[in-house]
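Novice: The following block contains the structure, expressed as structure tokens.
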Amino acid sequence: MGKDNPNWGSIINQRHAERLKRLIDTSGGEAVCGGSADVDVEARHVPFTVLKDVDPHAPIMSEEIFGPILPVITVKNMDDGIKRVKDGERPLALYVFSQDKSFQERVLSECPSGGAAVNTAMDQAMNKDAPFGGTGASGFGKYHGKWGFDEFTHYRSVVYKSGSGPLMPPVEKQPPWLYGLAFKFMVSGFVSRETKARVKLVCAAAMVGTIAIIVHSCI
């Protein structure tokens, strides 16, 4: 499309037009249509460009393009294609175009991405009833509907308790000898035989209570 076509939009500014021109020039590929020669930086015009045999390590294969440029890489087979995707950073979107159901499912299961679509593009991002977001280098979090609300909501855990600990009764219900026992342990380290027996009894009761709680939570 020519830059005089009213239906063809311009790049946001000259800096990004220059950036797109540089991505084409450093791609190492051949322009099937469009190309760097047709870029007009001053007019912020970048034609629709398809590049074939692009260098997999070129900047255009690792940077976000945000422009009308489509790099194309030929792969040997399915395994080679999946390996190329997995060797790179996790993409924001993964598109699979195939009528082979097993191929579709294998790509989706082996190639992580923020979102994915089969035999279409952008639909996963436009659907307000499905979460949209990235993973890894493509971003964190998700939005749309309740997912966007949850993303900016902090779920705070609050614990109310009464007493000295999870296995101890409330202070007002503790037996009188318990304070004396704690004092002797902390200060003198000496306790009587009778007190030791009480400690064993309390520990046994605490263990039984803990086991009962665990069993109850598993039922």
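The values are calculated or read from the model by the stated rules, or taken from the named source; none is laboratory data. Just so we're clear, the structure is a prediction, and the values are computed from it rather than from any experiment. Positions of Cβ are generated from backbone atoms using ideal geometry, with glycine treated the same way; all protein chains shown enter the neighbour counts. Heads up: the accessible areas ignore ligands, DNA and RNA and are worked out on the full protein's heavy atoms, side chains in. Shrake-Rupley method; radii C 1.70, N 1.55, O 1.52, S 1.80 Å.
Novice: Over the stretch 1-119, with every protein chain in place, what whole percent of the accessible area is carbon and sulfur at 1.4 Å, could you tell me?
Specialist: 51
Novice: For Ala116, which sequence-distant residues (separation of 5 or more, or a different chain) have an amide H within less than 5 Å of its own amide H, given hydrogens modelled in the peptide plane?
Specialist: Leu94
Novice: Let me ask something else about it. Output the peptides 110-123, 79-92 sorted from most to least packed, where packing is the average of other Cβ atoms within 10 Å over each peptide's residues.
Specialist: Highest-to-lowest ranking by the protection proxy: 110-123, 79-92.
Novice: Hey, got a sec? Which chymotrypsin sites (Phe, Trp or Tyr not before Pro) in the stretch 60-161 land in a DSSP loop and have at most 16 other Cβ atoms within 10 Å?
Specialist: The qualifying sites are Phe66, Phe97, Phe140, Phe152, Tyr155, Tyr160.
Novice: Karplus couplings for the stretch 55-64 from phi (6.51 cos²θ - 1.76 cosθ + 1.60, θ = phi - 60°), rounded to Hz, Gly and Pro as x?
Specialist: Values per residue, Gly and Pro as x: 5, x, 9, 6, x, 5, 8, 10, 9, 6 Hz.
Novice: At a Förster distance of 30 Å, what's the computed FRET efficiency of Asp150 paired with Asp123, Cβ-Cβ distance as r, to 0.05?
Specialist: Approximately 0.85, to the nearest 0.05.
Novice: If the reach is capped at under 17 angstrom between alpha carbons, list the aspartates and glutamates near Lys101, excluding any in the same chain fewer than eight residues apart.
Specialist: In chain and number order, the partners are Asp79, Glu110.
Novice: So, R0 is 30 Å and r is the distance between the beta-carbons of Phe140 and His16; what FRET efficiency does that work out to, to 0.05?
Specialist: Between Phe140 and His16 the formula returns 0.75.
Novice: Just to confirm a number: summing +1 for Lys and Arg and -1 for Asp and Glu over residues other than Pro71 whose beta-carbon lies under 10 angstrom from that of Pro71, what do you get?
Specialist: My count for the surroundings of Pro71 gives -1.
Novice: Need one number for the stretch 59-172: average projected area of the convex hull over its C-alpha atoms, nm².
Specialist: Mean projected area for the stretch 59-172: 12.4 nm², to one decimal.
Novice: What FRET efficiency, computed as 1/(1 + (r/R0)^6) with R0 = 30 Å and r the Cβ-Cβ distance, is obtained for Arg84 and Asp40, rounded to the nearest 0.05?
Specialist: Efficiency, rounded to the nearest 0.05: 0.35.
Novice: Taking every pair of Cα atoms in the stretch 1-141, average 1/r, invert it to obtain the Kirkwood radius, and report Rg/Rh to two decimals.
Specialist: 0.99
Novice: In this model, which of Lys83/Lys128; Lys52/Lys76; Lys21/Lys52; Lys21/Lys76 are farther than 22 Å apart at the alpha-carbon?
Specialist: Violating the 22 Å limit, Cα to Cα: Lys83/Lys128; Lys21/Lys76.
Novice: How much accessible area per residue does the stretch 4-54 have, in Å², with a 1.4 Å probe?
Specialist: 58
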